[in-house]
Amino acid sequence: MLKNYRLKILAQIVIAFAAAIYMFPLQANWGLKTQTLFGKKYYAVSDIAKINHLQTRRSGKRTILSNKNHEFYFTANSQKATYNGIELLLSHPVADHGGKVYISYTDYNTVMLPLLSRKSLKKQTIRTIYIDPGHGGNDVGAQGRYYNEKSLTLRLSKKIAAELRKAGFKVVMTRTYDKTLTLDKRVEIAKGGKADIFISVHFNAAADKSVYGVESYCFTPAGAASSNSSKIDWSSYSGNKFDRNNFALTYLIHRNIIHNTKALDRGVKHARFLVLKKINCPAVLLECGFITNPNSEKIIGQNNYLDKIAKGVARAMINYRNAVR
């Protein structure tokens with residue numbers, strides 16, 4: 001009887017251990033030891049490469065981690081990186097310390113893992129996607145010579161909605177005509193409709209009219225500064241529940257937009273925009289071109305360009321749905 005009891009306990013331990021492996025295949029970060037550098041937790045790139053079956057090589061300040069499916073480029077003392085040719089902006093600079101290269105704990109867990117392993121993502125059933133055309137009504141947004149942002153975001157959002165519906169998604173828009181909506185109201189609408197994905201559509205502006213390109217934003221992880229700020233916030237918000245999914249979603253959409261449009265790649269970045277902070281599902285904010293750049297404005301106002309973005313978003317959503325199902 002005692003023997004049977006012991007076997008039963010052993011079986012329960014094995015089952016629990018197997019379940020832990022299934023639920024947290026890479027999340028436990030087995031084989032990785034944290035190193036505190038500059039007041040932050042880091043992992044050695046050599047250890048990251050080992051547990052993820054990546055080859056590593058160095059060329060000056062550049063470190064490359066790669067295998068047949070993945071290729072990361074990191075630069076010592078820089079937040080700039082690339083993954084499979086797409087620009088990324090890390091939360092913390094890559095550290096070069098004692099002859100070894102280190103990636104921050106935050107960047108490994110919220111940038112690298114979502115790209116390396118589908119199993120690191122929260123499973124989802126994608127039923128309803130909310131498209132949020134930025135600005136509207138009294139809020140014109142960025143103003144170019146020929147176009148304004150509120151009109152372009154609505155045009156593009158309708159095209160994105162049409163492409164997503166063709167792909168079999170249910171789509172709801174926070175506005176379908178020119179009306180004023182507060183940021184809180186946009187989030188409230190999506191929450192009330194039980195959105196599974198939230199996509200906020202914008203066009204960019206800069207005082208320097210020579211600036212151009214496409215950039216995409218997901219919510220900033222706790223303990224990191226946003227890409228356009230130096231202020232670290234240790235608070236956790238609703239949007240932080242989906243840090244890994246946020247990044248995977250944003251990367252996939254950004255990659256497909258860049259591929260389709262051949263626009264200048266300004267990278268996947270982080271920001272604490274209110275619509276990303278308060279939402280309760282994976283979310284992305286797209287900046288689809290600079291309306292203040294005269295050459296860009298001519299291109300982004302063309303239906304052909306907007307169609308390419310819309311098709312890119314739809315393809316990315318199919319990829320994302322397959323990754324999280």
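Any read-out appearing in this document is the output of simple, stated calculations on the displayed coordinates, not a laboratory observation. What you see is a predicted model; the values in this text were computed from it and never measured. Glycine also receives a Cβ, built like all others from the backbone with ideal geometry; neighbour counts cover every protein chain displayed.
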**Message:** Using each residue's phi in segment 259-273, evaluate 6.51 cos²θ - 1.76 cosθ + 1.60 at θ = phi - 60° and report the 3J(HN,Hα) Karplus result to the nearest Hz, with x for Gly and Pro.
**Reply:** 4, 6, 9, 6, 5, 4, 8, 9, x, 8, 10, 10, 7, 9, 4
**Item:** Contact order relative to length of segment 97-175, as percent, for alpha carbon pairs under 8 angstrom and 6 or more apart
**Value:** 30 percent
**Complete:** Which residues qualify? For C288, with a placed amide H closer than 5 Å and at least 5 residues away or on another chain, they are H202, F203, N204
**Complete:** Checking G39, G168, G31 against a Gaussian network model of the chain (alpha-carbon springs below 10 Å), the top fluctuating residue turns out to be G39
**Item:** Under Karplus coefficients 6.51, -1.76 and 1.60, residue-wise ³J(HN,Hα) of segment 157-164 in Hz, glycine/proline x
**Value:** 4, 5, 5, 4, 4, 5, 5, 5
**Request:** Taking only Cα atoms and a 10 Å spring cutoff, compute GNM fluctuations for the chain and point out the largest among A310, A206, A162.
**Result:** A206
**Prompt:** If contacts are Cα pairs under 8 angstrom and at least 6 residues apart, what is the relative contact order of the chain in percent?
**Reply:** 18 percent
**Fill in**
Counting only DSSP beta bridges fully inside the chain, the antiparallel percentage to nearest 5 is 60 percent
**Request:** Would you mind checking K170/K191; K278/K298; K158/K311; K159/K298 for any pair whose Cα atoms are more than 23 angstrom apart?
**Result:** K278/K298
**Complete:** Counting only DSSP loop positions in segment 167-230, the chymotrypsin sites (Phe, Trp or Tyr not before Pro) whose Cβ has at most 14 other Cβ atoms within 10 Å are Y177
**Item:** Residues H270, H135, H97 arranged by fewest to most Cβ contacts within 10 Å
**Value:** H97, H135, H270
**Message:** Among 233-242, 146-155, how do they line up by average Cβ neighbours within 10 Å per residue, starting with the highest?
**Reply:** 146-155, 233-242
**Request:** Rounded to the nearest 500, what is the 222 nm mean residue ellipticity of the chain from helices alone, with -39500 (n - 2.57) per DSSP H run of 4+ residues and division by all residues?
**Result:** -11000 deg cm²/dmol
**Asked** Considering the zone a paramagnetic label at S236 would reach in this model (a point 7 Å from Cα along the Cα-to-Cβ line), which residues of segment 81-124 have amide N under 16 Å from it?
**Response** 106-107, 109-110, 122
**Asked** Given H placed 1.01 Å from N in the peptide plane, which residues other than close sequence neighbours of K100 have an amide H under 5 Å from its amide H?
**Response** none
**Formal net charge of residues neighbouring E297 (Cβ-Cβ distance under 12 Å; K, R +1; D, E -1)** = +2
**Request:** Return the sequence-ordered ³J(HN,Hα) values of segment 78-93 in whole Hz as given by the Karplus equation 6.51 cos²θ - 1.76 cosθ + 1.60 applied to θ = phi - 60°, using x for Gly and Pro.
**Result:** 10, 8, 7, 8, 9, 10, 6, x, 9, 6, 10, 10, 6, 6, 9, x
**Item:** Sum of side-chain charges, K170 neighbourhood, beta-carbon under 15 Å (Lys, Arg +1; Asp, Glu -1)
**Value:** +3
**Asked** How high is the relative contact order of segment 35-120, given as a whole-number percent (alpha carbon pairs under 8 Å, six or more residues apart)?
**Response** 24 percent
**Request:** Using amide H atoms built 1.01 Å from N in the peptide plane, name the residues 5+ places from S229, or on other chains, whose amide H lies under 5 Å from its own.
**Result:** none
